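Read through the structure below, which is laid out as structure tokens, and then see the notes.
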Amino acid sequence: NLIKAVRMSCEESEVIAFLQRHGCLLSEKTCPSGHLCKYIPSQRRFRCRKINNGIKCDFAHSIRKNTFFSKAHLTIPKIFEFVSLWLLLNHPRQNIIADELVMSSHVVVDWSNFCREVCTFVMFDRNYQLGGPGITVEIDEAKFGKLKYNRGRVIRGQWVFGCFERGTKMCFFEPVANRTAATLMAVIRDRILPGTTIISDCWRGYDPLLTDRDYEYLRVNHSLNFVDPQSGARMRRDVRSGIPRCGRHEEHFLGYLAEHYWKRQHPVRRSRLHHFFKDVATVYPPQ
């Protein structure tokens with residue numbers, strides 16, 4: 001039982017040591033006079049008691065200050081438990097986490113948003129390119145929102161361009177304002193390396209690829225191949241499965257998209273905690 005294992009592994013000293021190893025919390029701190037402070041576990045603070053010219057230094061620094069855990073009403077072990085469950089469980093998980101950790105729904109929502117902020121930072125900060133000679137990528141664009149009953153009607157929501165590299169788990173998602181040729185080609189040139197074989201549907205926004213010598217371009221007629229035209233493209237089905245209905249509103253969409261992207265990059269659940277807190281240390285470096 002993974003939930004039970006999480007609850008058993010959250011002893012405070014072990015959690016703090018884990019977070020220090022991952023760079024989320026300071027392992028040592030010097031006072032303004034340059035003296036190395038002593039960490040007091042019972043106070044969760046670094047303190048300096050050095051005497052300099054007859055004056056005792058009384059400098060103190062909370063281990064939480066200027067970190068991911070700053071200004072939180074929850075204890076560090078409780079936040080660690082929350083993040084562990086948030087990474088392990090799929091949607092719907094809000095009620096499960098609230099019951100397991102005895103948290104209110106609004107606290108669960110708040111900390112879910114904090115975690116998604118980390119994923120969002122990673123999503124845009126790691127602006128790598130995919131593809132290259134001999135490599136095939138599939139591209140697609142989808143508008144996430146409530147589908148209308150009549151086929152072909154406009155769907156309200158957020159347009160997203162997605163790229164998946166065949167044979168690896170590498171992918172990227174990029175929200176775009178629209179799916180015009182100018183918009184889509186700008187992303188393709190920025191994020192897909194020359195020499196790549198690109199597979200897409202027959203959307204006219206990709207027409208410039210027909211004459212672009214930097215890429216080998218193949219078109220797939222979705223109505224004849226792997227796409228159900230009434231439910232949408234493969235990318236939409238894949239990503240929507242990881243986004244609850246409440247997250248499909250434009251104001252929430254990017255965070256849920258980033259969470260889906262991050263978890264796709266880290267499919268082994270037991271290793272997610274390691275990777276997530278490494279990313280936390282990048283987003284919230286302790287000072």
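Some points to look at:
Rundown of residues vs (1) under 13 Å from Cys163 (Cα atoms); (2) of a type outside the set (Gly, Ala, Ser); (3) modelled with pLDDT of 90 or more, yes/no style:
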residue: Asp190; (1), (2), (3): yes, yes, yes
residue: Thr211; (1), (2), (3): no, yes, yes
residue: Asp214; (1), (2), (3): no, yes, yes
residue: Val227; (1), (2), (3): no, yes, no
residue: Gly242; (1), (2), (3): no, no, no
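- Of Ser27, Ser42, all but one fail to be touching a helix residue (DSSP H, G or I) at 6+ places or on another chain (Cβ under 7 Å) and hydroxyl-bearing (Ser, Thr, Tyr); the exception is Ser27.
- Pairs meeting the criteria (first residue in region 166-191 and acidic (Asp, Glu), second residue outside any loop (DSSP other than H, G, I, E, B), beta carbons under 8 Å, at least 6 apart or on different chains) are Glu174/Val160; Glu174/Phe161; Glu174/Gly162; Glu174/Val187; Glu174/Arg191.
- Those strands (runs of 3 or more DSSP E) of region 81-182 in which at least 3 residues are within 17 Å of Gln265 (Cβ to Cβ) and modelled with pLDDT under 90, considering only elements entirely within it, cover 158-165, 171-176.
- Residues in region 1-24 that are surrounded by 16 or more Cβ atoms within 10 Å (Cβ to Cβ), hydrophobic (A, V, I, L, M, F, W, C), part of a helix (DSSP H, G or I) and at pLDDT 90 or above: 4 in all.
- When Ser33, Ser27, Ser70 are screened for being in contact with a strand residue (DSSP E or B) (Cβ under 9 Å, 6 or more places away or on another chain) and either within 26 Å of Leu257 (Cα to Cα) or assigned to a helix (DSSP H, G or I) (or both), only Ser70 passes.
The values are calculated or read from the model by the stated rules, or taken from the named source; none is laboratory data. Only a predicted model underlies this, so the values are computations on that prediction, with no experimental measurement involved. Cβ coordinates were reconstructed from backbone atoms using ideal geometry, including for glycine residues, and neighbour counts include every protein chain displayed.
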